[in-house]
1. As an exercise: evaluate residue 236 against (1) within 21 Å of the chain's Cα centre (by Cα); (2) in a loop (DSSP other than H, G, I, E, B) and give the number of the one condition it does not meet.
2. Could you list all residues from segment 100-111 that are outside any strand (DSSP E or B) and under 15 Å from residue 124 (Cα atoms)?
3. Of the residues 31, 16, 53, 27, which single one is more than 17 Å from the chain's Cα centre (by Cα) and at pLDDT 95 or above?
4. Pairs under 7 Å by beta carbon, first residue touching a residue at least 40 places away in the same chain (Cβ under 8 Å) in segment 235-248, partner assigned to a helix (DSSP H, G or I) and surrounded by fewer than 18 Cβ atoms within 10 Å (Cβ to Cβ), six or more apart or different chains?
5. Out of all the residues in segment 94-107, which are over 12 Å from residue 71 (Cα atoms) and in contact with a helix residue (DSSP H, G or I) (Cβ under 9 Å, 6 or more places away or on another chain)?
6. Being farther than 18 Å from residue 140 by Cα and free of Cβ contacts under 8 Å to residues at least 40 places away in the same chain is the filter here, so list the residues in segment 76-96 that pass it.
7. What's the total number of residues in segment 29-54 that are more than 20 Å from residue 65 (Cβ to Cβ) and out of contact with any helix residue (DSSP H, G or I) (no Cβ under 7 Å at 6 or more places or on another chain)?
8. Might you check whether a residue that is crowded, with 20+ Cβ neighbours inside 10 Å and over 19 Å from residue 129 (Cα atoms) occurs anywhere in segment 74-94?
C-alpha cells in the first residue's frame with residue numbers, strides 16, 4: 001500500500017466544461033475498462049480542461065505532466081537522489097500515478113523524445129506494469145490507474161510523431177474548436193463578459209483560423225479568446241485587448257499582424273468607452 005496522500009491530486013471544485021457531443025460518456029466508458037486514451041486536437045481547444053473535468057467527475061486523482069524535448073525517462077519514472085544519509089529513491093509522476101491509482105495525463109506527448117515515451121508501453125497493455133530497472137522493482141499498476149495523452153496533429157512531422165507501437169495502445173478522441181454559439185458561451189463564462197462581445201471575439205478567431213496554412217501555423221485558440229475577454233472585462237479597450245491577447249502571441253510577421261488587426265477592427269470598431277462594445 002502506498003503512503004502517498006492522494007487528496008493532494010484530487011480536483012476539489014468542478015471545472016467548467018461545456019460538452020460538444022458525447023465525449024463525456026465515451027471517456028467514462030473508456031475509464032470503466034481502464035482503456036488508455038489519446039486526445040487529439042489543436043492547441044487551446046479544451047483537451048486539458050476536459051481531462052480535469054473527467055477526473056473531477058470520476059473522483060480520481062489527476063497527475064499532469066507537461067512534456068518537453070528535454071524530458072527523460074527518469075523524469076517520468078524516478079531516480080536515485082543524494083541526501084545526507086546517502087542515496088534515496090524518488091518516484092517520478094508516472095510511478096506515483098501507477099501506485100495510487102491516479103489518472104496520469106501526459107500533455108503534448110509528442111514534445112517528448114520517443115525513447116522517453118516508450119516507458120509507458122508496459123502500462124498501456126495487458127501487463128499494466130512499470131519496471132523500475134534502476135531500483136530493481138516491478139510496479140503493478142493500481143486497479144484505478146489510467147494513462148491519458150494529448151497532442152496536436154497539426155504539428156506532426158517525421159521527427160515529432162508518435163510511433164504506431166504507441167498509438168495503437170490507445171483509444172482516441174478527436175477535439176476541435178466548438179461551434180460558434182458554444183464557443184461564445186464558453187468565452188463569455190470564462191472571461192466574465194457579455195455574450196455579444198464573446199461572439200465578436202469568436203468571429204475574429206474564425207478569420208484567423210481560415211489563415212492556417214496560409215501564413216499561420218495555428219489560428220486563435222479558445223484559450224486566447226478568454227484572455228482577450230478577461231482584459232476587456234478589466235476595461236481595456238477591445239482593440240488593445242485583442243492586439244495583446246490575440247494578435248501579438250500568434251505571429252511576429254508584420255504583414256500577418258496587420259491582417260489580423262484588420263479583422264479585429266472589423267468586429268471591434270474603435271469606441272471611446274469599452275463598455276459600449278456590447
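The values are calculated or read from the model by the stated rules, or taken from the named source; none is laboratory data. Just so you know, these numbers come straight off a predicted model, no measurement behind them. Quick reminder, even Gly has a Cβ in these numbers, built from the backbone with ideal geometry, and neighbours come from all protein chains shown.
1. Single failed check for residue 236: (1).
2. Once the filter is applied, which keeps residues that are outside any strand (DSSP E or B) and under 15 Å from residue 124 (Cα atoms), segment 100-111 yields 101, 102, 109.
3. It is 31.
4. Pairs found: none.
5. 94, 95, 96, 97, 98, 100, 101, 102, 103, 104, 105, 107 - these are the residues of segment 94-107 that are over 12 Å from residue 71 (Cα atoms) and in contact with a helix residue (DSSP H, G or I) (Cβ under 9 Å, 6 or more places away or on another chain).
6. 81, 82, 83, 84, 85, 86, 87, 88
7. Counting residues in segment 29-54 that are more than 20 Å from residue 65 (Cβ to Cβ) and out of contact with any helix residue (DSSP H, G or I) (no Cβ under 7 Å at 6 or more places or on another chain) gives 3.
8. Scanning segment 74-94 turns up no residue that is crowded, with 20+ Cβ neighbours inside 10 Å and over 19 Å from residue 129 (Cα atoms).
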